[in-house]
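Heads up: the structure comes next, in structure tokens.
The values are calculated or read from the model by the stated rules, or taken from the named source; none is laboratory data. Fair warning: this is a prediction, and the values are worked out from it, not measured in the lab. Glycine gets a Cβ as well: all are built from the backbone with ideal geometry, and neighbour counts include every protein chain shown. All accessible areas refer to the heavy atoms of the entire protein, side chains included, with ligands and DNA or RNA removed. Shrake-Rupley method; radii C 1.70, N 1.55, O 1.52, S 1.80 Å.
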Amino acid sequence: MLLFDINMFLQLLISEDESDKKIQSRITMKKFIVGRVKSTRYALQGFWLLVRTEDAIITHSIGFVLFIGLGIFFKITFTEWMFQLLAFGVLLAIEGLNTGLEKLCDFVHPDFHVKIGEIKDVAAGAVTMIFFAVVAVLGFIYIPYLIR
């Protein structure tokens, strides 16, 4: 009889331990989800700030919308849509990073400094490189439609 009571006691301990693990797991999952929601909110705020205030982002976005219209007009293929959307997405993302880097440089060193100027130029050069790649992608997509 004593052996049965010990086994039952051990079973209860294991059950309580598993229950604590489940509760802890739920708490951890809740913190994870709340963290992701907050992170997404901050990302959307940053996106909206870029779209409202940054001239380069606004200009690229207008181009993006125009090429969406061209894609609809020419009835481009699914693959061409993928390349076009990817190209503009990368361009806008790199432009956003460039803007962030420029703002950081201005915050760290508000006065003119040669090194800060070089950093900004290199970041702008990265945007220019991806812009040329986007132009090439758009050329590959639309020149055949224009030749027909």
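Going through LEU91, LEU146 one at a time, which residue ends up being part of a helix (DSSP H, G or I), touching a residue at least 24 places away in the same chain (Cβ under 8 Å) and out of contact with any strand residue (DSSP E or B) (no Cβ under 6 Å at 6 or more places or on another chain)?
Of the residues listed, the single one that is part of a helix (DSSP H, G or I), touching a residue at least 24 places away in the same chain (Cβ under 8 Å) and out of contact with any strand residue (DSSP E or B) (no Cβ under 6 Å at 6 or more places or on another chain) is LEU91.
For residues that are part of a loop (DSSP other than H, G, I, E, B) and either β-branched (Val, Ile, Thr) or open to solvent by 90 Å² or more (accessible area, probe 1.4 Å) (or both), scanning just region 106-130, find the one that is nearest to ALA93 (Cα to Cα). Give the steps one after another, and end with the answer.
Taking region 106-130 and keeping what is part of a loop (DSSP other than H, G, I, E, B), we get 109-113.
Adding the requirement that they be either β-branched (Val, Ile, Thr) or open to solvent by 90 Å² or more (accessible area, probe 1.4 Å) (or both) leaves 110-112.
Details: PRO110: 25, ASP111: 27, PHE112: 26 Å.
Across region 106-130, the extreme among qualifying residues is PRO110.
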